[in-house]
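Visitor: A single structure is presented below for examination.
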Amino acid sequence: GDLHVHTTLSFDASAFGTTASPADAYRYAQGEAITHPGGFEVQLAQPLDFYAVTDHAVLLGLINEAADTSTPFSQYALAKPYHNINESVGGGLLDLAKRSKVFNNFISDVVASLLDGTLDAATVNEASKSAWVQTVEAANEAYKPGTFTTFAGYEFSSSTKEREALHRNVIFRDGKDKVGKVEPLDPGDAKWPEHLWDYMEAYEKDTGGKVLAIPH
């Protein structure tokens, strides 16, 4: 199986052309063919036994809101360079240069707009909540007891310059009845591993569930 999978909801994966949703990822893990951004189909030679979509908690799903010109967030000036970024994925040198710019600039553009007040934090939070609901529901719906085990999860990264917390996949054992009661830990508010431990302890105490963090 695989416990570290990014979809279009992660800013870095989306920046480099990933268009698969969490539901697509779980279908792919079970052996179904899905469409590659390049236009051809990809398929595993053998289905997996377990799988977890672990998109980045930081700005979860926000780049999709920027790319989709029908969303309120896409109307912000900072979002305009990201409009329809995956409408076509050429894969050539110019395409790579464009995508490298998206990858390098998206977080800093959002943070700068939050700091100067041109972007409302509630807009960012709403996008993340919606993306998390999508993630949890996809894991829940793909679960097939005894055949295919799914885990709701996300990737937590430290927000400090030194990256003391590194990266960790936060994996929940439970279904949406418990996982749906929490949201991913915001790396902007959690600068140390202890913040993640406190979050995990609170989750288990409040829901009776189980959660595991795996560094990578």
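The numbers here are math on the coordinates, done by the rules we state, and not lab data. Please read all numbers here as calculations on a predicted model, not as lab measurements. So basically every Cβ, Gly included, is an ideal-geometry build from the backbone, and we count neighbours across all protein chains shown.
Visitor: Kindly state, to the nearest 0.05, the FRET efficiency for Leu114 paired with Asn84, given R0 = 30 Å and r defined as their beta-carbon distance.
Guide: On the way: r = 24 Å, r/R0 = 0.79.
Working from the Cβ atoms, E equals 0.80.
Visitor: What is the chain's relative contact order, in percent, from Cα pairs under 8 angstrom and six or more apart in sequence? Intermediate values should be presented prior to the final figure.
Guide: On the way: 374 pairs, mean separation 45.8, N = 216.
For the chain, the relative contact order is 21 percent.
Visitor: So, one more: Which semi-axis lengths, in whole Å and largest first, follow from the square roots of five times the eigenvalues of the Cα gyration tensor of the stretch 146-216?
Guide: Numbers: eigenvalues 102, 39, 17 Å².
They are 23, 14, 9 Å, listed from largest to smallest.
Visitor: Along Cα→Cβ, 7 Å out, is where each label goes; now give me the distance between the ones at Arg27 and Lys210 in nm to one decimal.
Guide: A separation of 3.2 nm, rounded to one decimal place.
Visitor: Which whole-number percent of Cα pairs in the stretch 1-108 have a distance greater than 16 Å?
Guide: 60
Visitor: Which entries in Lys80/Lys129; Lys80/Lys181; Lys98/Lys191 show an alpha-carbon gap greater than 27 Å?
Guide: Working: Lys80/Lys129 22 Å; Lys80/Lys181 33 Å; Lys98/Lys191 31 Å.
Where the Cα-Cα span goes over 27 Å, the pairs concerned are Lys80/Lys181; Lys98/Lys191.
Visitor: Which value in Å does the Kirkwood hydrodynamic radius of the chain take, with 1/r averaged over all unlike C-alpha pairs and then inverted? Could the numbers behind the result be given before it?
Guide: Numbers: mean 1/r = 0.0556 Å⁻¹.
Hydrodynamic radius (Kirkwood, Cα only) of the chain equals 18.0 Å.
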